[in-house]
1. Inspect region 252-269 for any residue being surrounded by 15 or more Cβ atoms within 10 Å (Cβ to Cβ) and free of Cβ contacts under 8 Å to residues at least 40 places away in the same chain and give the result as yes or no.
2. Show the residue pairs that are 6+ apart or on different chains and have beta-carbon atoms under 7 Å apart, the first residue being within region 357-382 and closer than 24 Å to Arg455 by Cα and assigned by the TED database to the domain that holds Gln281, the second being open to solvent by 20 Å² or more (accessible area, probe 1.4 Å) and hydroxyl-bearing (Ser, Thr, Tyr).
3. Any idea which of Arg293, Arg336, Arg277 is surrounded by 15 or more Cβ atoms within 10 Å (Cβ to Cβ) and touching a Pro at 6+ places or on another chain (Cβ under 7 Å)?
4. All but one of (1) open to solvent by 60 Å² or more (accessible area, probe 1.4 Å); (2) modelled with pLDDT of 95 or more hold for Lys348, so report the exception by its number.
5. Output the residue which, of all residues in region 208-243 that are among the small types (Gly, Ala, Ser) and at negative phi, is most open to solvent (accessible area, probe 1.4 Å).
6. I'd like to verify a number: residues in region 463-489 that are out of contact with any Lys or Arg (no Cβ under 6 Å at 6 or more places or on another chain) and open to solvent by 90 Å² or more (accessible area, probe 1.4 Å), how many?
7. Looking only at region 131-151, decide whether some residue is of a type in the set (Ser, Thr, Tyr), closer than 17 Å to Tyr224 by Cβ and at pLDDT 80 or above.
8. Among the helices (runs of 4 or more DSSP H) contained in region 364-429, which hold 1 or more residues that are aromatic (Phe, Trp, Tyr)?
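The values are calculated or read from the model by the stated rules, or taken from the named source; none is laboratory data. Since the model is a prediction, treat every value here as computed from it, not as a measurement. Cβ atoms come from the backbone with ideal geometry, glycine included; neighbour counts cover every protein chain shown. For accessibility, only protein heavy atoms count, side chains too; no ligands or nucleic acids. Shrake-Rupley method; radii C 1.70, N 1.55, O 1.52, S 1.80 Å.
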Amino acid sequence: MMLRRGFILFLPRLVGLVVVACCLVSIIYMLACTPKGDTQQLALPRVHSPTVKEGYEAVLQDRDEQQHNYIISLKKQIAQLKAELQGRSEQLKNIQDQNPAPLDIRLDHSNPEKAQANLVAFLRSQIDKAEVHSGVKLSTEYAAVPFESFTLQKVYQLETGLTRHPEEKPVRKDKRDELIEVVELAVGSLNNPEGDGIAKHHLYTASDFVEGIYRTEKDKGTLYELTFKGDAKHQFKKIVLFRPFGPVMKVKNEDVNVADTLINVIVPLAKRASKFRQFMQNFREMGIQQDGRIHLTVVYFGKEQINEVKSILENTSRSTNFKNFTFIQLNEEFSRGKGLDVGARFWKGGNVVLFFCDVDIYFTAEFLNSCRLNTHPGKKVFYPVLFSQYNPSIIYGHHDSIPPLQQQLVIKKETGFWRDFGFGMTCQYRSDFINIGGFDLDIKGWGGEDVHLYRKYLHSNLIVIRTPVRGLFHLWHEKQCPDELTPEQYKMCMQSKAMNEASHGQLGMLVFKQEIETHLQRQKLRSKKT
């Protein structure tokens with residue numbers, strides 16, 4: 001207690017001493033740091049000196065001159081900065097003219113009116129950028145975007161693939177709804193013309209529609225030009241509509257890790273040991289050596305050539321130390337759907353990606369990752385469109401020899417086609433396959449089971465990813481269509497066989513082979529005479 005009281009009495013004295021010490025330090029610092037007079041510094045004239053006026057005038061003149069020079073220097077720097085700014089502005093303008101930036105149309109929830117106005121401005125700008133009011137200079141004849149035409153019943157299209165026809169009724173609901181909406185909108189526009197007031201005019205209906213043309217520029221929108229009957233015989237009404245595409249919007253940004261995603265490749269097989277040997281060479285290189293996250297299930301029908309097939313599988317297992325395979329034998333007639341269904345249900349591990357494959361398929365390691373990335377349990381299944389190889393003996397008939405398989409796997413019009421009528425190669429999680437009900441086991445033999453499964457997925461809530469892939473090939477082989485197939489199956493088999501041989505042009509060369517040879521012989525005779 002005494003110590004505390006003494007400390008309180010001593011505290012004011014301590015503060016006073018600290019203040020005095022700070023003052024002394026400040027005085028010493030000022031004395032030490034005061035600059036000394038410069039003997040060379042220009043001395044100001046004394047006030048009572050007879051030259052005091054001239055001295056001051058000289059000093060002021062010197063100061064004025066220094067200030068004037070400084071101002072001139074600043075003006076030069078400002079002029080240089082302005083010139084540089086002007087140059088940079090012109091460069092920026094040129095860049096913007098060449099690459100116009102998209103309008104800022106981000107949805108600002110704090111200012112919905114501004115967001116709405118920006119969106120409308122963007123959509124209108126799409127019309128200006130598209131080839132609607134004036135033409136656009138194109139580099140080549142192949143750069144032109146062609147129109148397709150349509151009536152109320154039919155669509156006339158250029159890009160037909162192998163499953164669509166040059167003239168057909170719109171099968172896809174989105175295309176059918178699109179064209180119906182356009183015609184209805186055009187009819188409404190004709191019946192409610194702007195600026196006509198209460199003037200009487202012809203009441204238009206869809207039956208007045210003659211024809212329409214449309215084309216889509218993928219980054220701008222779809223242009224429609226519709227023609228209707230006019231009031232007189234040779235008069236028509238034309239309506240031009242444009243469906244602008246909106247701005248790209250980010251939907252999702254996620255990381256996908258497929259490092260531990262196993263694929264179970266299921267192959268149904270009967271006989272065809274030589275084809276299985278070729279398949280295992282591809283499986284060894286792409287599946288085992290490059291990918292490594294793979295399992296093979298072979299479902300074998302019958303006993304013929306079974307030992308040879310087992311030997312190929314065991315040799316691959318020994319040479320690569322690969323143990324992730326299952327061999328299932330069924331003593332019954334071959335059924336692709338039955339084999340795939342049995343192989344899928346035999347799996348006892350966790351939820352695995354199933355790749356339904358055939359023995360005449362070649363796949364790459366990149367495709368296996370596409371298989372993983374385009375499947376998701378309960379959400380997505382993958383139906384790739386593979387590239388089907390033509391008959392190599394026809395494609396390379398004019399060569400000295402047929403090149404090795406790796407050199408044949410080229411995606412060109414002369415070497416093959418996108419097999420867009422086939423649905424046999426597919427990737428899905430086992431849980432989705434089981435939940436959808438698997439294959440229809442009443443379908444026997446070749447064809448039909450894959451389409452049935454595909455339709456099941458289309459009728460479900462799962463997203464079906466259907467796209468051409470560059471790493472999946474159907475290798476050519478001579479196709480046999482046995483008599484025991486049903487009429488519908490036999491027809492499908494023969495259509496597939498016809499498609500597999502060669503392109504339209506190559507088949508034409510075979511048809512007119514005799515005429516070509518006759519022409520060449522005549523040319524030789526003429527050259528000899530001359």
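1. No, that holds for no residue.
2. Arg372/Thr261; Thr375/Tyr429; Pro377/Tyr429; Pro377/Ser431
3. Details: Arg293 fails: touching a Pro at 6+ places or on another chain (Cβ under 7 Å); Arg277 fails: touching a Pro at 6+ places or on another chain (Cβ under 7 Å).
Sole residue among the options that is surrounded by 15 or more Cβ atoms within 10 Å (Cβ to Cβ) and touching a Pro at 6+ places or on another chain (Cβ under 7 Å): Arg336.
4. (2)
5. Going through region 208-243, the residues among the small types (Gly, Ala, Ser) turn out to be 212, 221, 230, 232.
Narrowing the set further to residues that are at negative phi leaves 212, 230, 232.
Values: Gly212: 1, Gly230: 20, Ala232: 50 Å².
Taking the candidates together, the pick is Ala232.
6. Total satisfying the criteria: 7.
7. Step one: of region 131-151, the residues of a type in the set (Ser, Thr, Tyr) are 134, 139-140, 142, 149, 151.
Subset that is closer than 17 Å to Tyr224 by Cβ: 149, 151.
So of that shortlist, the ones also at pLDDT 80 or above come out as 149, 151.
Yes, region 131-151 contains at least one residue that is of a type in the set (Ser, Thr, Tyr), closer than 17 Å to Tyr224 by Cβ and at pLDDT 80 or above.
8. Working: elements: 365-373, 392-395, 405-408.
Hits in region 364-429: 365-373.
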